[in-house]
Each structure stands twice: as structure tokens, then as C-alpha cells.
């Protein structure tokens with residue numbers, strides 16, 4: 001058929017009417033990774049092992065021949081055997097040839113090792129190749145390699161390696177590059193490791209320079225914001241402190257606010273936090289041990305304690321547990337806690353988490369151990385008791401009666417927050433006789449128009465309350481608190497007006513919510529909120545009997561728990577010497593001993609008479625007598 | 001064997017002894033004592049407490065001479081067969097105690113708190129909680145018990161105080177009683193219900209030393225029988241002999257009388273928490289020691305797998321008695337007979353064996 005007008009019209013109509021799927025590429029589907037395709041998949045382990053064994057054998061053969069030649073030379077010179085001595089240069093030449101042949105083997109043996117296990121090479125190019133391989137510098141734009149020449153009569157090639165964004169460029173330019181490139185001393189430079197020492201001692205004004213031989217140490221330093229200096233012909237690298245990444249400054253506590261006491265809170269920098277603690281505890285007795293945690297992405301975790309006070313077994317146990325963690329990456333102390341706590345299945349916190357520097361310092365001074373983690377603005381304290389969560393540093397800033405009153409208020413608040421709704425439900429369902437007649441009638445009258453059973457009513461209100469709380473937390477800025485207040489008022493009013501809930505229920509939930517805010521520790525408050533729901537269900541099923549079951553089980557669980565080997569409910573159960581710092585806060589000068597349960601090396605905090613001036617005569621009186 | 005508990009102190013031991021002996025005061029013991037000794041029921045309570053304490057002190061004296069727990073002591077003094085029989089006795093006694101108290105607590109819960117529930121549901125609920133507690137640890141239970149002790153004591157004292165307007169002292173008049181001899185005999189006869197005091201000797205190695213155990217005996221048992229005596233004393237002053245012997249739940253009835261005005265009255269439901277927790281701990285301790293004895297009898301490495309099995313079995317047995325009255329009568333009969341073996345026969349047997357062994361040693365020494 002020719003290309004006539006009719007066929008053209010036909011084709012046009014056909015093109016218009018008939019649907020043609022667009023020629024899009026196949027959509028992406030994340031399939032399982034093919035075996036062997038992974039970048040991590042190297043040669044077969046057996047083959048690798050055989051190759052390494054062959055190379056090792058060659059090197060051992062060479063060293064054996066070298067040893068034999070040395071022994072032979074010694075005996076020849078001792079016996080003055082001229083014939084043997086005459087042949088020695090030839091044999092040395094032969095061995096040199098063997099050495100030249102063995103060099104690639106040595107290189108190959110070294111290169112078969114994992115990049116991080118390899119040693120720094122005297123060849124700059126080889127080091128660069130290894131850095132490229134380690135950091136994928138062809139695609140990774142963070143890693144920067146700056147080549148330059150160290151000035152002098154005989155300029156030496158060198159390179160600096162660092163991560164962009166992690167270093168202070170001013171330090172790099174003025175403190176490292178400028179002295180090395182411009183400040184030529186004019187003297188003849190030494191070679192090898194001596195050159196490194198000279199540079200470190202005479203040229204660089206940097207406050208921390210560390211010579212390292214292993215690439216693992218080089219990588220750790222670069223990852224931490226330092227700069228590595230490689231020099232041609234030197235078998236070591238120099239790591240230079242150039243940390244300059246941006247960090248949040250020391251700010252006021254957000255969660256543990258107080259009217260009195262220190263107003264400094266921890267921030268994300270590990271060194272900032274250890275520094276803050278050290279300023280609060282300025283003593284040489286304060287030890288900071290740093291461990292790396294995480295197999296794939298190691299992060300620094302500092303263990304801080306007072307050497308002469310903390311129980312050495314406790315410190316050893318903390319370190320043992322930290323070293324025993326094998327995981328890719330831990331981002332937060334909350335995650336770390338789950339790896340090392342005694343009872344990960346129990347909802348109650350087993351470490352004290354604080355953002356307050358003074359609180360952490362007081363606990364360290366008592367003989368506890370603090371865990372500081374890179375990137376986390378909180379410090380965890382171990383071991384702790386249940387009662388520690390009701391303490392606040394502010395208690396000690398107030399007079400003993402006021403401090404004790406605050407603590408009792410918190411405990412009563414906690415009890416109200418946990419059992420008030422279930423108590424109400426139990427009495428409402430099963431034990432109406434416990435209420436005075438007028439009150440019972442008032443409750444019945446208020447509930448008359450509500451179409452739901454009390455348990456649905458209470459769960460609905462609890463759920464709404466939790467929603468308001470969560471929304472208030474997530475909405476940024478001032479709007480969050482406004483949503484909380486407005487949401488609570490409007491929802492409560494509207495729910496009562498719509499006869500969805502009774503006014504008494506609003507009162508109960510409001511009091512419970514208010515009481516729950518009196519729990520000083522966020523994580524404990526969270527645990528008790530969940531416990532409250534369990535109690536509600538038990539109470540709905542069995543009234544006060546169910547509530548008794550719940551209370552008893554929780555008490556026994558807590559009495560069976562330990563925090564780093566220390567009973568959770570001590571000094572109450574098991575009973576130990578309580579001092580004046582458990583439920584009631586006594587005068588500070590009467591607290592002679594450290595907490596008994598900590599078994600600190602030095603259990604005495606102060607002498608029996610800590611206010612010695614009360615035993616001395618006033619100065620004025622002395623003068624009068626004289 | 002890892003069914004052995006860890007280290008415990010005076011406080012834990014005190015709680016164990018107190019909670020194995022006192023909670024029956026919340027159920028039928030006061031009524032039984034008044035039934036047997038009339039207005040001198042309080043004296044009978046005092047007497048049986050003293051006897052129980054002496055019984056424990058005698059066992060502890062033997063344990064001081066021969067190291068080990070009660071069964072190991074028996075093995076050394078009486079031989080393995082007797083030791084096995086004594087362990088069997090205690091296993092049965094703790095099981096019986098668990099079963100009969102479980103039924104009574106379940107029925108009383110039914111009467112006072114959950115009248116619409118099925119009693120088997122309550123028995124199962126109690127059993128589950130008891131099994132959970134046993135699974136957690138003896139130390140945990142003992143420490144929780146120790147935390148509760150002050151609340152129990154203070155609550156009882158407050159109740160005694162609140163009931164002041166209702167006391168009638170003449171209800172204690174001796175001429176309303178059955179005589180001193182009868183009271184003493186009644187007290188001695190019912191001492192068996194405190195056979196649980198032997199628990200201290202059963203887990204003896206867990207305590208720090210013999211002195212700790214003696215403190216446990218004196219403080220734990222002392223507090224228990226003084227409070228029980230007070231309860232029976234005030235109960236008699238409240239209800240008298242005739243009405244008092246009829247009450248199934250003496251403490252519940254006592255609290256029910258509280259009236260200090262429109263807003264402080266009918267507090268009995270609030271005190272349910274107190275006696276339920278007491279009863280549950282009593283049941284848990286009984287179950288724990290029953291399992292401990294069974295594990296010893298079978299030389300088992302751990303009791304953990306036995307917990308659900310034995311708890312289910314015993315809760316089924318607890319459903320066998322026809323009604324609560326049968327369970328109460330069974331408990332009274334067993335308390336006055338079988339349980340008395342633990343209070344009287346075991347200490348006497350141990351002391352006799354110890355004396356015989358000592359004499360034998362002296363003779364051997366004299367013979368050169």
C-alpha cells in the first residue's frame with residue numbers, strides 16, 4: 001500500500017487513538033545483593049591464605065640465608081680464614097640480588113593485608129594509593145589530600161590528609177603549611193624518622209603531634225578531625241591536632257531545669273563534656289579512659305571516675321561490658337545502655353541519664369562511674385538505685401526540710417501518677433462502698449449521660465493526654481507548649497460537653513498528668529506511664545485485687561533487679577546503711593559516709609565533725625582573753 | 001545446685017518468717033483460736049507463737065553444731081533416708097499449705113471483692129502471680145516483703161486505733177473463757193500452722209551466719225506472734241466469743257466497723273490491697289519452699305521448669321474441696337496434726353540425734 005492521503009489519515013487517526021506505553025526505564029527494585037558482587041567480597045579465603053603462605057616462605061628462606069651468611073662471616077673473621085673471607089663479597093652480592101627479587105614479594109605480602117592493618121610506607125605514592133583506597137577518594141569528596149614540598153636546601157615531598165569540615169582551616173594554613181613551606185631554616189635536613197622528629201620538635205607549633213606507624217591509627221586520627229602528615233622517605237606519619245568541626249556550645253539544661261545550682265548542660269562534643277566535668281571536679285584523681293565502641297563505625301566512649309574512690313571491680317566491670325560490645329554502630333547512649341545493662345527486658349532505667357554537669361560530678365564524687373559518649377549531650381551514671389531517680393542537685397541547694405519536702409512530694413506524685421486512675425477504676429467498678437454516699441452519687445450523676453464504660457472513658461482520656469504530650473514535644477518552639485495547654489483545655493471541655501467523658505474523669509486524668517510531671521527522670525516517667533496502663537487493665541479486670549497483683553509483681557521485679565551488680569532497691573531492700581540521702585535529705589554536714597551499697601574504696605566522705613569551727617573558739621573571744 | 005538462693009540478711013529472713021506465719025491472721029486463725037480458747041484466744045496465739053519460735057531456735061541450735069541446710073544436717077545426723085523423709089514431709093506440708101490457703105484466699109476474694117467472678121478464675125489468677133513471683137527470685141520476694149512490713153504493722157496499728165470507740169473490755173473477762181489450761185493446750189495444739197518457720201533452716205546457707213538466723217527467728221517470729229496476739233486480743237474485745245468464733249474474715253470484719261464520720265467509714269475495701277499482697281506473698285513463699293524441697297528430693301539442678309507444672313497441679317488440687325468451709329476445716333485439721341510434726345517432731349528428732357552423736361564421740365574419745 002502506497003503512502004496515499006488515506007493511509008496518512010488512517011495512520012494519524014491510529015496514532016491518536018491507540019495507546020502506546022511510554023518508553024520509561026524499568027523501575028528500581030532493591031534486590032538482594034548478588035554473591036561476589038559486593039565491594040567487600042575479595043578473593044577466596046583459602047586461595048588468599050595459600051598465596052600468603054608462599055610469600056612468607058620466600059621471605060623466611062631469604063632471612064635464613066642471611067643468618068647463615070652472618071654466622072659464616074663471624075666464624076671466618078674469628079678464625080681468620082682468608083679463603084672464606086675472600087669469597088664473602090661474592091656471596092653478599094648474590095644475597096643482594098635475592099633481596100632485590102624478594103622486595104616485590106615483601107610488598108605483595110604487605111599489600112595482601114587489610115588496608116587498616118598495613119604500615120605507613122616510606123613511599124609517598126604508596127601511602128596516597130592506600131588513602132585513596134581507604135577513603136574512596138575518587139567518589140568521596142570529604143577527603144582532601146594536599147601535596148607540597150617542605151622548604152630547604154633539599155626540598156622534601158610531603159602530603160597532608162584531612163577531612164573537609166572536620167578541621168580548622170586556619171590552624172592548617174598558619175600552623176602547619178606556613179611553617180613547613182615557608183620557614184626554611186637553611187640547615188641540611190636529616191633523613192628518615194629523624195626528619196619527622198625535627199619537624200615535630202622545631203617546625204610545627206601544633207599542640208599535639210603524634211608519630212604513628214599503623215594506618216589504623218592514621219585513619220582514627222583523620223576521622224577524629226586531625227590531619228595526617230606523610231613525608232617521602234619516612235616510615236611514619238605525623239598526626240596533627242587540627243580539630244575544628246562545629247559544635248553546639250555549653251547551654252542551659254533543657255530537661256532538668258533548676259532554679260538554683262549550676263546552669264551548665266552537656267553538649268554533643270565528647271571532649272567538651274569531659275572538660276566540663278573536669279572543671280567541676282578539678283582533681284588529678286579524676287580518670288578519663290576512652291574506649292572505641294562499634295565495629296564498622298567506631299565511636300569514642302569515655303569512662304570517668306575518681307581513681308581513689310570508685311570500686312575497681314565496678315570500673316573493671318563497666319569496661320568489660322563496653323569492650324564486649326560487638327555491633328556496627330551505636331548512635332546514642334540509650335542504645336549503649338541496652339547493650340550493657342543487667343536487665344534489658346525490664347522497663348525501668350538502670351542508669352541515671354543526666355544533662356546536668358553538676359549532677360554527674362556529684363555522682364562521680366560519690367564513687368560512681370560516668371559514661372560520656374561522642375555526639376550525645378547526656379552523661380550516664382552507673383550504678384544507680386531506684387531512689388536516685390527522685391533526687392535532684394537542687395535538693396542540696398535548699399535547706400534539709402525543704403529538700404526532703406521536695407523529695408516526698410515527688411514520691412507522692414509518682415504514686416498518684418501510677419495508681420490513681422486504676423484506683424478510681426477499681427473503686428468505680430467493684431468497691432463502690434468505699435466511697436461516701438454523696439461522692440458516690442455525685443460520680444454516678446456525672447457519669448449518667450456518658451455512653452461508655454469507665455474503662456473506655458479512662459483509656460480514651462489517657463490516650464488523648466498522651467497524644468497532646470507527644471504532639472507538644474514534636475511541634476517546634478513555643479507552639480508546642482501552646483498546643484499542649486490549648487489542646488488539653490479545649491479537648492477536656494469539648495469531651496465533657498459532648499458527654500464523651502464525665503467531669504470527674506477529666507479531673508482524675510489531669511491530676512494524674514500533673515503528678516506524672518513531678519517525676520524528675522524522663523525515662524522513669526515513661527516506664528511508669530506504661531506501668532499505669534498495665535495497672536488500669538488489671539484494675540478493670542479484678543478491681544483492687546488486680547491492682548494489688550500488679551503492685552506486688554512490680555515491687556518484686558524491682559527488688560530482684562541489679563544495676564551493675566548493685567541491688568536496685570538498696571538501701572531499703574536489701575537493707576544497707578542508708579545515710580541521710582534516700583527518701584529524706586538530711587543536713588549535708590551529717591552525711592559523713594558515701595552510699596554504703598557502692599562499696600567505694602574510701603567510704604568516708606567527711607569526718608564525724610565536719611564543721612570543725614563549732615569546736616573552736618571564735619577569734620574575737622581569743623583576742624578578748626589575751 | 002543453682003536452685004539455692006543468693007545471700008540474704010536479717011531483713012529478708014524476717015520477712016520470710018513473718019509472711020509464712022502471719023497472713024493466716026487475715027483469714028481463719030483468730031476465729032479458730034477463739035473457738036478453742038474463748039476469751040483467752042489471745043493467750044493461745046501468744047503460746048503458739050512462743051512454741052514456734054522455740055522450735056525454730058532448737059533447729060537453729062542444731063544447725064550451728066552441724067553445718068549445712070536443714071536437709072544436709074538431717075543427712076549427717078540421721079542418715080540419707082531420714083533426710084529424704086524429712087524433705088518429703090516439708091514438700092508435702094508446703095504443698096498442702098499452698099493448696100489450702102490458695103483456696104481460702106480465692107474464696108475470700110470472691111466474697112469480699114469480686115462477687116461476680118468464678119472462683120476458678122481467681123485461683124488461676126493467684127497461681128499465675130505466685131508462679132511469676134517464684135520465678136523472679138526468693139530474694140526479690142523477701143525484699144518486697146520487707147518493704148511491706150512497716151506498712152502492715154502501721155496499718156494494723158491504725159486500724160486498732162480507729163476501732164477504739166467499739167472496744168468492750170469485759171469481753172475478755174476470764175469467766176467467759178474455758179480456763180487457762182485449755183488456752184495453753186489450744187495454743188500448743190495449733191502451733192503447727194507456723195511450721196513454715198523451718199524455711200529459715202531450709203535455706204540456711206543463704207544467710208550470713210547462725211547469728212543472723214537467730215535474729216531472724218526472734219524478730220520475724222516475734223513480730224508475727226505479737227501482732228497476731230494483738231489482733232486476737234482486739235478482735236475479742238470487738239466481737240466477743242460467741243460472734244467472734246463465727247467470722248470467716250476477722251480482719252475484714254474489724255475494718256468494716258470503722259466509723260469516724262461520713263467520710264471515714266467502710267474502709268474494708270481499701271484494706272483488700274493489704275491482705276491480698278500478704279496472702280500472695282505467703283502463697284509464693286509456700287510454693288517456693290515446696291519446689292525447693294521437691295528439687296532437693298529429686299536432686300534436680302534447677303527448680304525453674306517445675307514452677308508452671310507444680311503451680312498448675314496445685315491450683316487444680318485447690319479446686320477439689322467442696323466449698324470454702326471444707327477448705328477451712330481441712331486446714332484446721334492438718335494444722336493441728338500434720339503440720340505439728342514440723343514444729344514438734346523434727347526439732348526433737350534433730351536434738352536427740354545430735355545428743356546421741358555427741359555422746360558417741362565422747363565415748364569413742366574415752367575409749368582412746
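The values are calculated or read from the model by the stated rules, or taken from the named source; none is laboratory data. Everything numeric in this text was worked out from a predicted model, so none of it was measured. A quick note on method: Cβ atoms are made from the backbone with ideal geometry, for glycine too, and the neighbour counts reach across all protein chains shown.
Output the residue which, of all residues in segment A:92-114 that are surrounded by 12 or more Cβ atoms within 10 Å (Cβ to Cβ) and not in a helix (DSSP H, G or I), is modelled with the highest pLDDT.
A:113
Among (1) under 22 Å from residue A:431 (Cα atoms); (2) assigned to a helix (DSSP H, G or I); (3) in contact with a helix residue (DSSP H, G or I) (Cβ under 8 Å, 6 or more places away or on another chain), where does residue A:541 come up short?
Every condition holds for residue A:541 apart from (3).
Would you confirm whether or not segment B:256-277 contains a residue that is surrounded by fewer than 18 Cβ atoms within 10 Å (Cβ to Cβ), more than 14 Å from every other protein chain (Cβ to nearest Cβ) and in contact (Cβ under 8 Å) with a residue 60 or more places away in the chain?
no
Which helices (runs of 4 or more DSSP H) does segment A:370-452 wholly contain that include 1 or more residues that are without any contact (Cβ under 8 Å) to a residue 60 or more places away in the chain and more than 30 Å from residue B:262 (Cα to Cα)?
Correct list: A:400-429.
If you scan segment A:543-558, which residues turn out to be more than 18 Å from residue B:152 (Cα to Cα), surrounded by fewer than 24 Cβ atoms within 10 Å (Cβ to Cβ) and at the interface with another protein chain (Cβ under 7 Å from one of its Cβ atoms)?
A:557
Among (1) outside any loop (DSSP other than H, G, I, E, B); (2) within 25 Å of residue A:366 (Cβ to Cβ), there is one condition residue A:335 misses while meeting the rest; what is its number?
Of (1) outside any loop (DSSP other than H, G, I, E, B); (2) within 25 Å of residue A:366 (Cβ to Cβ), only one is false for residue A:335: (2).
Show the residue pairs that are 6+ apart or on different chains and have beta-carbon atoms under 8 Å apart, the first residue being within segment A:559-588 and within 11 Å of chain B (Cβ to nearest Cβ) and at negative phi, the second being surrounded by fewer than 19 Cβ atoms within 10 Å (Cβ to Cβ) and modelled with pLDDT under 80.
A:571/A:577; A:571/A:578; A:571/A:579; A:572/A:578
Go over the candidates A:526, A:549 one by one and state the one that is farther than 17 Å from residue A:366 by Cβ and more than 28 Å from the chain's Cα centre (by Cα).
Criteria check complete, one pass: A:549.
Going by the structure shown, is residue B:289 in contact with a helix residue (DSSP H, G or I) (Cβ under 6 Å, 6 or more places away or on another chain), at pLDDT below 90 and surrounded by 20 or more Cβ atoms within 10 Å (Cβ to Cβ)?
So residue B:289 does not fit the description; no.
In segment B:107-150, which residue that is at the interface with chain A (Cβ under 7 Å from one of its Cβ atoms) and without any contact (Cβ under 8 Å) to a residue 60 or more places away in the chain is farthest from the chain's Cα centre (by Cα)?
If we take residues in segment B:107-150 being at the interface with chain A (Cβ under 7 Å from one of its Cβ atoms) and without any contact (Cβ under 8 Å) to a residue 60 or more places away in the chain, then B:114 is farthest from the chain's Cα centre (by Cα).
Going through A:501, A:511, A:486 one at a time, which residue ends up being surrounded by fewer than 18 Cβ atoms within 10 Å (Cβ to Cβ), more than 14 Å from chain B (Cβ to nearest Cβ), in contact (Cβ under 8 Å) with a residue 40 or more places away in the chain and farther than 30 Å from residue B:136 by Cβ?
A:511
Within segment A:316-365, can you find the residues that are over 25 Å from residue A:392 (Cβ atoms) and buried (at least 19 other Cβ atoms within 10 Å of the Cβ)?
A:330, A:340
Quick check on my filter: what residues within segment B:316-347 are part of a helix (DSSP H, G or I) and without any contact (Cβ under 8 Å) to a residue 12 or more places away in the chain?
The answer is B:316, B:325, B:326, B:329, B:333, B:345.
Is there a residue in segment B:220-228 that is touching a helix residue (DSSP H, G or I) at 6+ places or on another chain (Cβ under 8 Å) and within 14 Å of chain A (Cβ to nearest Cβ)?
Among the residues of segment B:220-228, at least one is touching a helix residue (DSSP H, G or I) at 6+ places or on another chain (Cβ under 8 Å) and within 14 Å of chain A (Cβ to nearest Cβ), which makes the answer yes.
Is it the case that residue B:185 is over 27 Å from residue B:99 (Cβ atoms) and touching a strand residue (DSSP E or B) at 6+ places or on another chain (Cβ under 7 Å)?
No; evaluated as a whole, the condition is false for this residue.
Answer yes if at least one residue in segment B:302-314 is over 24 Å from residue B:169 (Cβ atoms), modelled with pLDDT under 90 and touching a helix residue (DSSP H, G or I) at 6+ places or on another chain (Cβ under 6 Å), and no otherwise.
yes
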